Structure formats: structure tokens, C-alpha cells
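Notes for the one structure printed next.
The values are calculated or read from the model by the stated rules, or taken from the named source; none is laboratory data. Quick caveat: nothing in here was measured; it's all calculated off a predicted structure. FYI the Cβ positions are ideal-geometry reconstructions off the backbone, even for glycines, and counts take in every protein chain you see.
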Amino acid sequence: MARYSIVHSTRQRYRETVHRSRNEVRLQPIDSSSQRLRSSELEVTPTAEIASTLDYYSNSVWMIAVESPHRELVIEARSEVDVHLPLFDPAIDYPWDADNLSSHPAVEFTAPSPRVPRLRAIETLQQELGVRPHDPDSLMTANEKMRQHFAYVAGATSVGTRLPEVLEGQALEALP
């Protein structure tokens, strides 16, 4: 088991004073068979009204309403989780159909998608970054190494840019 302290901070600065602000955030880790949420808190500056609910996937959703004039909004979430090895391999081979999705909504994140092909470049990148199955530490290390593989270049992509174009231009080969 490993314990992680997670801090996420979002800062929005406005050119002019904003009189009202509404935001919806999902920043609280979930409890699952492989992790236990020990604590979670949300801090907002300036003072805000905060309400919470659960979404379709049982994620905590915080609705934030700032009713006072402000030029900057800071949202900071702090959480602590214990991570355990999963009891089974999370790559589930459920078919992508309505029956499976309705009884297991999380399947859409693990099942092969008809719209997103498996890409050889992703597997190559995982190997280059040293990602190992069931090893959260290797994921953390890979996350740090990502900065060596990718750089932000303004205007290099658009909303319509596909992942294969990002990874290798248009020459990516889909896995069988």
C-alpha cells in the first residue's frame, strides 16, 4: 500500500472585475477496490458558496458560486488516498454495447472503443517511460518524464487534432 497526498490548484485571473462566477469541479478521488480516500477538502478564494452532489459515475461534483466582485479565483483541492494493488487486471474485455454499459458504466473507460483505436505509439511510449502494470510508482515516474517527450507549443494543435497526429504526425499504425 502507498499513501499519496494530492494537491490540485486552479487559478483564474480576469482582465476586469468579475461580479459573479459559477464553476463545477470534480477534484475528489473516489473510493474503490484499489484506493481508499482518507480525506479531501476544497478551499476557494474569494469566499464562495459550495454545494456538492454525485455525478453519473459516482464522482463528487462541487458547484462553486462566488457572488462578490473579484479579479482572481483560486480553487485548491487537497486529498489523501491509500492505494492498493487491484484485485484483478483493470483491462476489462466487455464488449462495447448498451447492456454492458448500463450495468457497468465504468466499462466505457476500460473497454476497447470503436472510436479510439489502440495505437502502437501508446504502447511504445509506455515502454519508453517505464510504465509497469499494477505499479503506481512507475506511473508517477512516467508522469514526470512526460515533460521530456512533449512540450507545449501554442497553436500546434486545435480542438480537432487527433491523438495520432500529436504522437507521430499522421503515420501512426493502429494495433490489430
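Name the pairs: first residue in segment 1-12 and touching a residue at least 12 places away in the same chain (Cβ under 8 Å) and assigned by TED's automatic domain parsing to the domain that holds GLU24, second residue assigned to a strand (DSSP E or B) and small (Gly, Ala, Ser), Cβ to Cβ under 7 Å, at least 6 apart or on different chains?
Close Cβ pairs (under 7 Å, with a partner that is assigned to a strand (DSSP E or B) and small (Gly, Ala, Ser)) amount to ILE6/SER79; HIS8/ALA77.
SER39 fails exactly one of the following numbered conditions: (1) among the hydroxyl-bearing types (Ser, Thr, Tyr); (2) more than 10 Å from LEU73 (Cα to Cα); (3) surrounded by 11 or more Cβ atoms within 10 Å (Cβ to Cβ). What is the number of that condition?
Failed condition: (3).
Within the bounds of segment 51-66, is there any residue that is in contact with an Asp or Glu (Cβ under 8 Å, 6 or more places away or on another chain), surrounded by 14 or more Cβ atoms within 10 Å (Cβ to Cβ) and hydroxyl-bearing (Ser, Thr, Tyr)?
No, there is no match, as no residue in segment 51-66 is in contact with an Asp or Glu (Cβ under 8 Å, 6 or more places away or on another chain), surrounded by 14 or more Cβ atoms within 10 Å (Cβ to Cβ) and hydroxyl-bearing (Ser, Thr, Tyr).
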